[in-house]
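Q: Please see the structure below; I have some questions.
The values are calculated or read from the model by the stated rules, or taken from the named source; none is laboratory data. The model shown is predicted, which means the values in this text are computed figures rather than measured ones. Here the Cβ positions follow ideal geometry from the backbone for every residue, glycine too, while neighbour counts run over all protein chains shown. Note: accessible area is taken over every heavy atom of the protein model, side chains too, but ligands, DNA and RNA are not part of it. Shrake-Rupley method; radii C 1.70, N 1.55, O 1.52, S 1.80 Å.
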Amino acid sequence: MDAEKQGAPVQPGRLANLRSRFREGQDRPPTSVFVVGTLFSGSTLLGRDMTARIRGAHYVGELNNFTQMPEYSHKDAGQACGPCSLLGKECRHFTEALREWVSYDDILGMHRQFARSLGVSVIVDGSKYVAWLRQAVEQQLADPANRAPVNVIVTARNPIAFAISYRNRTGEPLWRGAGLWRDTYVDALRTVNTYGLPHMVVRYEDYMARPERSLERLADFLHLSLDAEPDNTRIHDTGGNWSSFVPYVGRQQLEDYIQRLDGPGRAEAEDFVKHARAYWNDEKPREDARWRHSLEAGEANAVLSTPGLTDVASLLGYNVAEVVHAAIRAHR
C-alpha cells in the first residue's frame with residue numbers, strides 16, 4: 001500500500017471503540033424468529049419464558065390475530081397485550097395506534113416497530129401458521145434491500161398427545177387430529193428447507209422435563225445470553241390460551257379477569273379453561289404427562305395408521321415406540 005495513503009496506526013482499544021460506535025449508529029433490522037407448529041405445542045409458554053430469561057429477545061405473540069389476517073385469525077381476538085389486560089394496565093407497546101398502523105402486508109416491518117418499542121434485537125413471532133412464515137419470506141424476497149435475518153423455531157408435541165388434546169377441544173376423532181399434525185410438520189420442514197432458513201426443533205416434552213437445558217439451547221441459537229433469574233415484568237404479547245397466563249400473572253389474577261367479563265365473552269372463557277383449571281398453579285409442570293396411559297391399543301393405532309405420520313415423528317426426534325408404550329392404558 002502507498003505509504004502516503006496510510007493513516008496513523010489505530011490502537012486495538014480505539015479500534016474496538018470505533019466498531020462499537022459504528023454498530024450503535026446503524027439502524028440494523030432485528031432478527032425475526034418465527035415459531036411454527038400445531039396448537040398445544042407449548043409455543044406461548046416457551047415464548048414467554050424466552051422473554052423472561054433471554055435478554056434481547058421478546059416474544060410478541062400471535063401477530064396473525066393482532067393484524068386480523070384473513071383466513072388465519074380469530075375474529076376480534078388477540079388485539080391487545082394479554083398480560084397487561086389481565087393486570088388491568090394499559091400497554092405502552094401494544095397500542096391501538098400501532099394496531100391501526102401495522103399490517104400483515106409488511107410482517108418484517110411490523111417486527112421492526114416492535115423491536116424499537118421494546119428495545120430488543122430479536123422478535124419472536126408466535127403466529128405458528130406456516131403460511132404466515134411463507135408470507136413474510138416472500139415479502140422479504142420481493143424487497144432486495146430487506147436483509148433482516150429470519151430464523152425459525154419448530155415447536156412440537158408428540159402426535160398422540162396432540163391428537164388427544166385436539167379431540168378434547170374439538171370433538172374430532174383421533175385420526176383427524178393425527179392428519180393435521182402430520183400435514184403441519186411436513187409443511188413446516190419443507191418450508192424451512194426450501195428457503196434455507198436456520199431452524200431448531202423444540203419438543204414440548206423435552207421442554208417440560210428440562211426447561212433450563214432448552215432455554216440454553218435457544219439462547220445459543222439466537223446468540224444471546226441467558227439470565228439466571230426470570231423477569232416477568234418485561235412480558236408483553238398478544239394471543240395464547242388462557243391457561244398459559246397463570247405462571248406469569250398468577251391464578252387469582254386470571255380468575256378475577258374472567259369474572260369481570262360479560263355475556264358471551266365470559267361463557268367462552270369459562271368453557272375454554274374448564275378442562276385446564278384443575279392443573280392451574282403458579283409453577284410450570286415438570287413434565288407433560290396428562291395424555292399418558294389414556295388410550296386403548298385400537299385408539300393408538302388410529303393415530304399411527306395415518307400414512308407418513310411415523311416418518312415425520314422420527315424426523316422431529318420422537319421414538320414412536322416409546323410414545324405408544326406411554327399412551328396405552330395398562331390392563332390388570
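Q: Looking at the structure I just gave you, is Arg266 part of a loop (DSSP other than H, G, I, E, B), surrounded by 11 or more Cβ atoms within 10 Å (Cβ to Cβ), out of contact with any Cys (no Cβ under 8 Å at 6 or more places or on another chain) and not hydrophobic (A, V, I, L, M, F, W, C)?
A: Taking the combined requirement at face value, the residue does not satisfy it.
Q: Looking at (1) closer than 19 Å to Val154 by Cα; (2) open to solvent by 10 Å² or more (accessible area, probe 1.4 Å), can you tell me which one Phe34 breaks?
A: Condition (2) is where Phe34 drops out.
Q: Separate question: Find the residue count for the stretch 156-165, including only residues that are modelled with pLDDT of 95 or more and more than 15 Å from Asn301 (Cα to Cα).
A: The total comes to 2.
Q: For Glu287, indicate whether it is open to solvent by 60 Å² or more (accessible area, probe 1.4 Å), of a type in the set (Asp, Glu) and not in a loop (DSSP other than H, G, I, E, B).
A: Spelling it out, it is not the case that Glu287 is open to solvent by 60 Å² or more (accessible area, probe 1.4 Å), of a type in the set (Asp, Glu) and not in a loop (DSSP other than H, G, I, E, B).
Q: Another question about this same structure. Go through the stretch 215-249 and give me each residue that's surrounded by 17 or more Cβ atoms within 10 Å (Cβ to Cβ) and either at pLDDT below 90 or among the small types (Gly, Ala, Ser) (or both).
A: If the condition is that a residue be surrounded by 17 or more Cβ atoms within 10 Å (Cβ to Cβ) and either at pLDDT below 90 or among the small types (Gly, Ala, Ser) (or both), then Ala219, Gly239, Gly240, Trp242, Ser243, Ser244, Phe245, Val246, Pro247, Tyr248, Val249 are the ones that fit.
Q: Any idea how many residues of the stretch 315-327 are in contact with a helix residue (DSSP H, G or I) (Cβ under 7 Å, 6 or more places away or on another chain) and either within 11 Å of Pro159 (Cβ to Cβ) or at pLDDT below 95 (or both)?
A: The number of residues fulfilling the criteria is 5.
Q: Checking the condition open to solvent by 90 Å² or more (accessible area, probe 1.4 Å), modelled with pLDDT of 85 or more and over 30 Å from Phe94 (Cβ atoms), which residue from Arg292, Arg260, Arg332 passes?
A: None of the other options fit; the residue is Arg292.
Q: Shifting gears a bit: Here is a list: Glu205, Glu212. Which entry is under 29 Å from Val120 (Cα atoms), surrounded by fewer than 16 Cβ atoms within 10 Å (Cβ to Cβ) and under 18 Å from the mean Cα position of the chain (by Cα)?
A: So the residue among Glu205, Glu212 that is under 29 Å from Val120 (Cα atoms), surrounded by fewer than 16 Cβ atoms within 10 Å (Cβ to Cβ) and under 18 Å from the mean Cα position of the chain (by Cα) is Glu212.
Q: Quick one: what pairs do we get from the stretch 227-248, first residue within 20 Å of Ala276 (Cβ to Cβ), second open to solvent by 50 Å² or more (accessible area, probe 1.4 Å) and at pLDDT below 85, C-beta under 6 Å, 6+ apart or different chains?
A: Filtered contacts from the stretch 227-248: Trp242/Phe272; Pro247/Lys284.
Q: Let me ask something else about it. Does Tyr72 fit the bill of being aromatic (Phe, Trp, Tyr), under 17 Å from the mean Cα position of the chain (by Cα) and modelled with pLDDT under 95?
A: yes
Q: Step by step: first the residues of the stretch 138-173, then only those that are open to solvent by 10 Å² or more (accessible area, probe 1.4 Å) and of a type in the set (A, V, I, L, M, F, W, C), then the one that is farthest from the chain's Cα centre (by Cα). Which residue is that?
A: Checking each candidate, the answer is Ala145.
Q: Please specify each residue of the stretch 83-112 satisfying the condition of being assigned to a loop (DSSP other than H, G, I, E, B), touching a helix residue (DSSP H, G or I) at 6+ places or on another chain (Cβ under 6 Å) and farther than 15 Å from Arg234 by Cα.
A: Val102
Q: Further question: Of these, Ala131, Ala115, Ala52, Ala80, which one is assigned to a loop (DSSP other than H, G, I, E, B) and either open to solvent by less than 60 Å² (accessible area, probe 1.4 Å) or on the phi > 0 side of the Ramachandran plot (or both)?
A: Matching residue, one of Ala131, Ala115, Ala52, Ala80: Ala80.
Q: Do any residues in the stretch 142-157 that are over 26 Å from Thr184 (Cβ atoms) and of a type in the set (S, T, N, Q) have Cβ atoms under 9 Å from those of residues that are modelled with pLDDT of 95 or more and outside any loop (DSSP other than H, G, I, E, B), where the two are at least six apart or on different chains, and which pairs are they?
A: Hits for this filter: Asn146/Leu108; Asn146/Gly109; Asn146/Gln139; Asn146/Gln140.
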